[in-house]
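Bear in mind these aren't lab numbers, they're just calculated from the coordinates by the rules spelled out. Just so it is clear, the model here is predicted, and its values are computed rather than measured. Here Cβ is always computed from backbone atoms with ideal geometry, including for glycine, and neighbour counts include all displayed protein chains.
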Amino acid sequence: MKHNPMPLAAPLFLFAACAVTPVTASSHSDAPLIKQDPQANLTDVYAFVGTKYDDDATEVLNVIVSVRPFSDPGDGLIYERFADDARYSIHLTDPVTGLETMRYDFEFSAVDENVKNPDTILSYGRGAEVGPIQDIGDARQNFTQSYEVTKSVVTRPAFRFNNPFFAARFFAARARPVLVEDGLPVPPPNVGPRTTPAYNGPDGRAVSGAASLAELDDLTAQGIAELSDGTVVWAGPREDGFYADTPGIFDFLDPRIIGGDSPDGLGQSGGGIDGFMGFNVLSFAVQIPLSQLDPVAYNNPLLGAQEGVGVYASVSRPRLTLRRTGQGARSAGPWVQVNRLGNPLFNEVLVALRDKDNYNQSTPASDEDYRTYAENPEVAFLINAVLFGTDGSGPLATTGRTDLAAIFLPDVIRVDLNTGPVPLPGDEAFSRLSLLGGDTAGWPNGRRPGDDVVDIALSAVASGPGYDPITVVGDNVNANDQLYNRVFPYLGTPHSGPAVDQRQAPVVAD
């Protein structure tokens, strides 16, 4: 990898000191600075209990993280690549305090090297040979990216001196690397049926919805790598599994997001427009055997006593990047966190503009700094003012929302490790509305692909703090535009470039 600025054994207080520098950057579009850095912009974190990709007898914690929002499948000829000067991280935490206990860091090879044939314009389809790519890195795949994974276990002292200097100097928590493996394969993008046929069906469109490893396309399956400790990893292009009428929501609640006549609640009849339809993302993922985890007791505000872990993701950049004429950029210095994401929508929908960038450079252990945004949600004020035509003070409760604070803070996805493998989209027991649909295995009890987190969150805002009655509110987008796979890495097959038109003419009113 191009950049290795600081040994992972360095005390964590050094990382914290770096994170307060003014170099900051999560849903798809949640903060001003990270909007300028799409390759580091996190879109979604999924975390749930399942089984190992090739062994139903081994239960694992699945964590899948996506970055690079609004990736156009037809954006040739380079297509999207993971940044080679970023550190993409999956953090496991204490679910109560948000303090990190384990971390997996993904670092990727150069974006402008590793080509078989530098004398062509094509990254895919013409390397040492010309033709369709059959296997990751074969002679037809000209550019190939790989990555390394570092696993670190965080240790903390059993006691501390009262003197804060000595406590910080000698007894700070340390992240100790226990596993480093490199040269792991990244599947190519879905260029189209003539270049990457394994992804696509006879109609030229991506085929998804695999229920087993045997049904998974070859390119995706070849990207699954098992590490020496039994952890399984994957990284590559995926279909964007998030679905919502975000354009309608942020245009002062366009009537289409709540229109229609549905007995199940406002915004449930399916008349909205998915603002993420047809787009891809870049994703990285792990399967961690449950036997490697130490669950912690915590209270789920909706389900009571549980035992598990917290999960969030972050992306970091080197503190300094020097751009040089006629040469590649050079990065140096310690890592600086530019983005983080735990629960869906917290920063995007609850945190005010003044603190969005601050949130992205902080950690869940300091999330009490953002409690006011959960307890006094502006989104409730806006719904009152726009939907009910009031001064914003009611009927939805806009203050004292300790219920929302209990769901979102600290901002980690809490996963009960005692659930057993959870229902997934396509299973009879799965409900996109999670608890609202009688399915206790979805967000905010972990998060699965297919959980309709917008409808769940809006319903919580509308129903709390008493939740009697429960008012189901949504955005009228009730399903993703692509089927999810039901085997690791779970997210759908990336859309094919020629099969998706992101350049349609605007709708003209009659």
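What is the calculated FRET efficiency for Asp135 to Asp37, with r their C-beta to C-beta distance and R₀ = 35 Å, to the nearest 0.05?
Numbers: r = 32 Å, r/R0 = 0.93.
The pair Asp135/Asp37 has a calculated efficiency of 0.60.
According to a simple spin-label model (label point 7 Å from Cα along Cα-to-Cβ), what is the distance in nm between Thr321 and Ile470?
If labels sit at Ile470 and Thr321, their model points lie 4.5 nm apart.
Before anything else, pin down the relative contact order of the stretch 79-123: Cα pairs under 8 Å, at least 6 apart, normalised by residue count, whole percent. Before the final figure, lay out the partial values.
On the way: 44 pairs, mean separation 16.8, N = 45.
Over the stretch 79-123, the number comes to 37 percent.
Could you work out the relative contact order of the stretch 298-407, using alpha carbon pairs under 8 angstrom and six or more residues apart, expressed as a whole percent? Kindly include the intermediate steps, with their values, before the conclusion.
Working: 133 pairs, mean separation 21.6, N = 110.
Rounded, it is 20 percent for the stretch 298-407.
May I have the count of lysine pairs in the chain with C-alpha atoms under 30 Å apart, counting pairs 8 or more residues apart or located on different chains? Please report the intermediate quantities before stating the final value.
On the way: Lys2/Lys35; Lys2/Lys116; Lys2/Lys151; Lys2/Lys356; Lys35/Lys151; Lys35/Lys356; Lys52/Lys151; Lys151/Lys356.
For the chain, qualifying lysine pairs total 8.
Which peptide among 271-278, 340-347 comes first, and what is the full order, when sorted by highest mean count of other Cβ atoms within 10 Å?
Numbers: 271-278: 19.8, 340-347: 25.8.
Peptide ranking by packing, descending: 340-347, 271-278.
Compute the FRET efficiency between Arg354 and Asp56 as 1/(1 + (r/R0)^6), taking r as their Cβ-Cβ distance and R0 = 56 Å, and round to the nearest 0.05. Write out the running numbers ahead of the final one.
Values: r = 49 Å, r/R0 = 0.87.
Working from the Cβ atoms, E equals 0.70.
Could the peptides 175-185, 31-41 be put in order, highest first, of the mean number of other beta-carbon atoms found within 10 Å of their residues?
Details: 175-185: 15.1, 31-41: 19.5.
Ranked by mean Cβ neighbours within 10 Å, highest first: 31-41, 175-185.
I need the peptides 204-212, 294-302, 320-328 ranked by packing, meaning the mean over residues of other C-beta atoms within 10 angstrom, with the highest value on top. Each step should come with its number before you reach the end.
Working: 204-212: 17.4, 294-302: 14.7, 320-328: 9.3.
Ranking the peptides 204-212, 294-302, 320-328 by packing returns 204-212, 294-302, 320-328.
Rounded to the nearest 500, what is the 222 nm mean residue ellipticity of the chain from helices alone, with -39500 (n - 2.57) per DSSP H run of 4+ residues and division by all residues? Don't jump to the answer; show the numbers that get you there.
On the way: 9 runs with 65 residues, N = 510.
The per-residue figure over the chain is -3000 deg cm²/dmol.
Under a Cβ-only charge scheme (Lys and Arg +1, Asp and Glu -1), can you give me the dipole magnitude of the stretch 403-495 about the Cα centre, in debye to the nearest 20?
Here the size comes out at about 240 debye.
Residue by residue, what Karplus-based ³J(HN,Hα) values in Hz, rounded to whole numbers, does the stretch 305-312 have, using 6.51, -1.76 and 1.60 with θ = phi - 60° and x for Gly and Pro?
Per residue, the Karplus-derived 3J(HN,Hα) values read 5, 9, 9, x, 9, x, 9, 8 Hz.
Which whole-Hz ³J(HN,Hα) couplings does the stretch 492-498 yield from phi under the Karplus relation 6.51 cos²θ - 1.76 cosθ + 1.60, θ = phi - 60°, glycine and proline marked x?
For the stretch 492-498, the Karplus-derived couplings read x, 4, x, 4, 7, x, x Hz, x marking Gly and Pro.
Would you mind checking the stretch 97-119 for residues with the amide N under 20 Å from a putative spin-label position 7 Å along Cα→C-beta of Thr155?
Only 99-105 fall inside the zone, counting backbone N under 20 Å.
Can you give the net charge of the other residues whose Cβ lies under 9 Å from the Cβ of Asp411, counting K and R as +1 and D and E as -1? Walk me through the numbers before you get to the answer.
Values: positive: Arg340; negative: Asp367.
With Lys, Arg at +1 and Asp, Glu at -1, the net is 0.
At q = 0.10, 0.11, 0.12, 0.24 Å⁻¹, what is the log10 ratio I(q)/I(0) for the stretch 325-425, with the Debye formula run over Cα points and no solvent?
For the requested q values the scattering log ratios are -0.43, -0.50, -0.57, -1.21.
Residue-wise, which Karplus ³J(HN,Hα) couplings in Hz belong to the stretch 461-469, taking 6.51 cos²θ - 1.76 cosθ + 1.60, θ = phi - 60°, and x for glycine or proline?
4, 6, 9, x, x, x, 6, 8, x
Mind putting a number on the dipole of the chain about its Cα centre? Charges go on the C-beta only, +1 for Lys and Arg and -1 for Asp and Glu, and I need it in Debye to the nearest 20. Write out the running numbers ahead of the final one.
Numbers: 36 positive and 64 negative charges, 406 e Å.
Charge dipole, the chain, about its Cα centre: 1940 debye, nearest 20.
Say R0 is 41 Å: what FRET efficiency, to the nearest 0.05, do Asp218 and Ile78 get from their beta-carbon distance?
The value I calculate is 0.95.
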